[in-house]
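> Have a look at the structure that comes next, please.
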Amino acid sequence: MSYTITLIPGDGIGPEVTDAMRRVVEATGVKIDWEVHEVGEGAIKRYGTPLPDHVLEALRRNKVGIKGPVTTPIGGGFRSVNVGIRKALDLYANLRPAKCIPGVPSRYEGVDLIIVRENTECLYAGIEHDVIPGEAAEAIRLITRRASERIARFAFEYAKANGRKQVTAVHKGNILKLTDGLFLRTAQKVAADYPEIAFNDRIVDNLCMQLVQRPHEYDVLVLPNLYGDIVSDLCSGLVGGLGVAPGANLGEGLAVFEPVHGSAPKYTGQNKVNPTASIRCGAMMLRFLGEAEAADRIERAVARVIAEGQKVTYDLKPRRDDPTAVGTREMAEAIIEAL
Ligand code: NAD
């Protein structure tokens with residue numbers, strides 16, 4: 001049996017890390033037909049749009065996709081392809097585990113957090129306009145009960161299915177009384193359906209301080225879109241950085257896996273960055289497909305290579321200018337060897 005998976009290499013460092021992921025996934029022996037598609041700047045040149053319809057159709061048809069990061073122009077230019085995919089396919093839950101891996105340099109040990117980020121609304125609804133061009137601009141932050149309920153339920157169901165003990169709703173309900181008030185009240189109502197899981201809430205700024213001081217007090221975090229994005233990078237920093245942080249965008253019967261990190265354009269084509277986040281996305285994808293054994297083997301191989309500390313990229317060395325750091329390809333090779 002073989003799976004057909006939509007593969008979007010992305011741009012910047014995307015093609016290098018997705019190539020590493022692809023080779024590691026193939027080395028498990030699970031048979032995959034990769035249907036490769038281009039988005040972003042390259043797609044504009046070829047198809048006149050950064051997110052062609054045929055790419056969305058392929059993601060819908062194959063049900064499972066995996067992608068590298070895609071560059072989004074800042075302060076102008078086309079809208080984010082990443083946000084476009086999540087919205088078009090209603091991939092409403094962004095699941096981002098942040099867990100310490102032995103051997104990864106970090107200030108903490110034993111941090112094990114799950115971020116559940118609402119993926120379709122908040123400031124990412126893209127409702128933005130000039131009020132007075134050059135003088136004032138306005139963005140609308142949309143929060144609905146429906147999306148808040150759906151994401152809260154996802155967080156509790158995830159907690160229940162994965163032996164998690166606590167869900168924390170994160171908000172700024174003291175200032176944004178209507179929008180974040182609605183998010184919080186909805187989460188509180190959903191929590192009542194899950195008496196076996198502890199529930200609490202935190203104001204987002206306080207949560208950031210507490211995560212830095214006492215990350216072990218948290219378990220599953222559920223957040224509106226923008227806080228979820230920011231807190232994801234913070235949590236990646238707690239467990240060793242963006243180079244190791246995977247993620248999944250999940251909807252009804254559809255899934256697109258992608259690392260937390262972006263396209264890091266300054267490292268493009270240098271065979272330098274860490275492929276771990278992308279490779280762990282490959283493991284998450286295999287688990288989603290029901291290939292738990294192959295996923296476990298990848299996780300163990302990654303952990304072993306990192307714990308040995310030899311064939312790892314610069315960001316996993318105690319000093320970032322360590323001359324013994326290896327490249328993206330070499331680290332992927334070491335993981336394949338370990339498999
Ligand atoms: P970034 O995540 O690309 O890079 C920030 C820094 O993190 C890098 O300079 C690098 O030091 C480190 N880093 C990132 N990935 C790494 C890896 N695999 N190994 C080692 N170190 C790594 O964030 P940015 O610079 O803010 O964004 C660059 C571009 O990526 C922007 O256009 C942004 O819109 C886009 N972006 C895309 C996605 C996505 O495709 N889902 C996500 C975030 C950002």
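> Using a Förster distance of 41 Å, how high is the FRET efficiency between E35 and H216, based on the Cβ-Cβ distance and rounded to 0.05? Show your work: numbers first, answer last.
Numbers: r = 42 Å, r/R0 = 1.02.
Here the calculated transfer efficiency is 0.50.
> Holding the Cα-Cα limit at 32 Å, pick out from K63/K165; K45/K272; K45/K266; K165/K272 the pairs that are longer than that. List each step's numbers first, then the result.
Working: K63/K165 30 Å; K45/K272 27 Å; K45/K266 22 Å; K165/K272 38 Å.
In this structure, K165/K272 exceed 32 Å between Cα atoms.
> Over the residues of the chain, compute the C-alpha Rg and express it relative to 2.2 N^0.38 Å. If you can, show how the numbers build up before the last one.
On the way: Rg = 19.7 Å, N = 339, 2.2 N^0.38 = 20.1 Å.
That works out to 0.98 for the chain.
> Hey, can you find the accessible area per residue of the chain for me, probe 1.4 Å, expressed in square angstrom? Could the numbers behind the result be given before it?
On the way: 15270 Å² over 339 residues.
So the chain comes to 45 Å² accessible per residue, rounded to a whole number.
> Here is a further query. Report P(r) for the stretch 126-266: all Cα-Cα distances, bin width 10 Å, range 0 to the bin holding the largest distance, values in whole percent.
Pairs per bin, as whole percents: 10, 35, 37, 15, 3, 0.
> Arranged from highest to lowest average of other beta-carbon atoms within 10 Å per residue, in what order do the peptides 150-160, 16-26, 41-51 appear? Walk me through the intermediate numbers first.
Numbers: 150-160: 21.0, 16-26: 23.4, 41-51: 15.5.
Listed from highest to lowest mean packing, they are 16-26, 150-160, 41-51.
> Let me see the pair-distance distribution of the stretch 80-204: every alpha carbon pair, 5 Å bin width, integer percents in order.
Calculated P(r), rounded to whole percents: 2, 10, 16, 19, 17, 15, 11, 6, 3, 2, 0.
> I've got another one for you. Just to be sure I understand the curve: with the Debye formula and one point per C-alpha of the stretch 199-256, what is log10 I(q)/I(0) at q = 0.14, 0.19 Å⁻¹?
Normalising to I(0) and taking log10 leaves -0.44, -0.78.
> Quick one, what does Rg over Rh come out to for the stretch 86-149 if you take C-alpha atoms and the Kirkwood Rh? Don't skip to the answer; put the middle values down first.
Numbers: Rg = 17.9 Å, Rh = 14.9 Å.
Answer for the stretch 86-149: 1.20.
> Something else: Given the rule -39500 (n - 2.57) for each run of at least 4 DSSP H residues, summed and divided by the residues of the chain, what is its mean residue ellipticity at 222 nm, to the nearest 500 deg cm²/dmol?
Per the formula, -12500 deg cm²/dmol.
> Return the distance in nm (one decimal) between the two label points of a simple spin-label model at E138 and R319, each offset 7 Å from Cα along Cα→Cβ.
Label-label distance for E138 and R319, simple model: 5.5 nm.
> Pull up the cross-link candidates among the aspartates and glutamates for K177, meaning alpha carbon to alpha carbon under 16 Å and not fewer than 8 places away within one chain.
Counting by Cα, and skipping residues close in sequence, K177 has these aspartates and glutamates nearby: D201, D205.
> Would you please give the residues with an amide H less than 5 Å from that of F257, counting only those at least 5 places away or on a separate chain, with H modeled from the backbone geometry?
Here G65, I66, K67, N249 satisfy the definition.
> What's log10 of I(q)/I(0) for the stretch 261-336 at q = 0.19, 0.24 Å⁻¹, Debye sum over Cα points only, no solvent?
-0.80, -1.10
> If you don't mind, there's one more thing I want to ask. Expressed in nm to one decimal, what extension gain is obtained for the pair I203 and D90 from 0.36 nm per residue of sequence separation less their Cα-Cα distance?
Details: separation 113, 0.36 × 113 = 40.68 nm, distance 2.70 nm.
Roughly 38.0 nm would be gained on extension.
> Given a cut-off of under 8 Å on Cα pairs at least six residues apart, what relative contact order in percent is computed for the stretch 36-119? The partial results should precede the final answer.
Values: 86 pairs, mean separation 17.8, N = 84.
Taking the mean separation of contacting Cα pairs over the length of the stretch 36-119, I get 21 percent.
> Another question, then. Roll a 1.4 angstrom probe over the protein heavy atoms and tell me the percent of accessible area of the chain that is carbon or sulfur.
Values: 7990 of 15270 Å².
Within the chain, the accessible surface is 52 percent carbon and sulfur.
> What does the convex hull of the alpha-carbon atoms of the stretch 1-91 project to on average, in nm²? Let's see the in-between values first.
On the way: hull surface 24.6 nm².
Hull-based average projected area comes out at 6.2 nm².
> Kindly identify the stretch 213-306 as rounded, prolate or oblate by the Cα gyration tensor criterion: order the square roots of the eigenvalues as a ≥ b ≥ c, call it rounded if a/c is under 1.5, otherwise compare a/b with b/c, prolate if a/b is larger, else oblate. The partial results should precede the final answer.
Values: a/c = 1.31, a/b = 1.06, b/c = 1.24.
Note, shape of the stretch 213-306 comes out rounded.
The values are calculated or read from the model by the stated rules, or taken from the named source; none is laboratory data. Small disclaimer: the values here were computed from a predicted structure and weren't measured. Don't worry about glycine lacking a Cβ; one is built from the backbone with ideal geometry, like all the others, and counts go over all protein chains shown. When the accessible area is computed, the model is the full protein with side chains, heavy atoms only, and any ligands, DNA or RNA have been set aside. Shrake-Rupley method; radii C 1.70, N 1.55, O 1.52, S 1.80 Å.
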